[in-house]
Amino acid sequence: AQVSGGGNIYGNPDLDPETSLNKEISVLYQGDSGLDVTLTAFHNEFKDKITRVVCPDTICTDGPNQWGADPTYRINVDEAVTQGVEATLAKPLTETIYLSSSYTFTDSEQKTGEYKGMPLQQLPKHLFNVDVTWQTTDNLESWTKVTYRGKEMDPVTGPSRNSIVEPAYTFVDAGVTYQLTDNTKI
C-alpha cells in the first residue's frame, strides 16, 4: 500500500492495461506578430480505463487513515469516452513579457461499471490556464500562472466523506528563475 494524506492506495493484481483510440483535429494559426492560436477537437474511446475508487472492506480492512481519507485502489472501467475542445493562445505582449493561455472543455462518460453514465473521476469539464512570463534580465525570469479547475467527479468518496463532486477551485502561482550557467537554473 502507498500511504498518503489522500488515503492509502492499494494495488490491484487484477488490473488490466488501459488502451485507447484517440482522434483529434486541429486548426493552427501563427501570425507575424508572434500570435499563436490553436483550436483542437478530440474524441477518445477507452477500453479498460484505469480509475481509482474506494477500496471495498473485503480487500482493504484498515478504514480511513489518520487524516480521515478512505483507502482506495485502482480498477478498470471496461469502456469510457472523453470528447471536447481545447483552445490555446500565446503572444508576446512586449519584447520581455509573454502571455500564454489555454481552455479545455471535456465531456466524459463511463459507459460501463458501477458509475455507468457518470463522468470520469478527477477530470473537470472546464480547465483554464493563463501564464505571464517576464524576462526581467538576461538571467532572471519571473512568472505568474492562474489555473482554474471546474468541479469534477470524485468517486473515491467513501464513508468518511459525503459528496462525490469536488468543487471548482483556482490556483495562483508565482515564481522566479535565475540562470546560473548555460546548464543550470534555480
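The values are calculated or read from the model by the stated rules, or taken from the named source; none is laboratory data. As the structure is a computational prediction, the values presented were derived from the model and not from experiment. Positions of Cβ are backbone-derived with ideal geometry, glycine not excepted, and every protein chain shown enters the neighbour counts.
Worth a mention:
- Just one of the numbered conditions (1) within 30 Å of SER20 (Cβ to Cβ); (2) crowded, with 16+ Cβ neighbours inside 10 Å is not true of THR133: (1).
- Qualifying residue in region 130-142 (condition: touching a residue at least 12 places away in the same chain (Cβ under 8 Å), assigned to a strand (DSSP E or B), within 16 Å of the chain's Cα centre (by Cα) and within 26 Å of VAL53 (Cα to Cα)): no
- Region 28-49, residues that are under 20 Å from ASP107 (Cβ atoms) and exposed (fewer than 15 other Cβ atoms within 10 Å of the Cβ): LEU39, ALA41, HIS43
- Check on TYR148, assigned to a loop (DSSP other than H, G, I, E, B), surrounded by 15 or more Cβ atoms within 10 Å (Cβ to Cβ) and among the aromatic types (Phe, Trp, Tyr): no
- Listed by position, the strands (runs of 3 or more DSSP E) contained in region 11-96 that have at least 2 residues being in contact (Cβ under 8 Å) with a residue 40 or more places away in the chain and of a type in the set (Ser, Thr, Tyr) are 36-54, 72-92.
- For ASP138, the criteria (1) within 25 Å of GLY34 (Cα to Cα); (2) surrounded by fewer than 15 Cβ atoms within 10 Å (Cβ to Cβ); (3) modelled with pLDDT of 95 or more hold in every case but one, which is (3).
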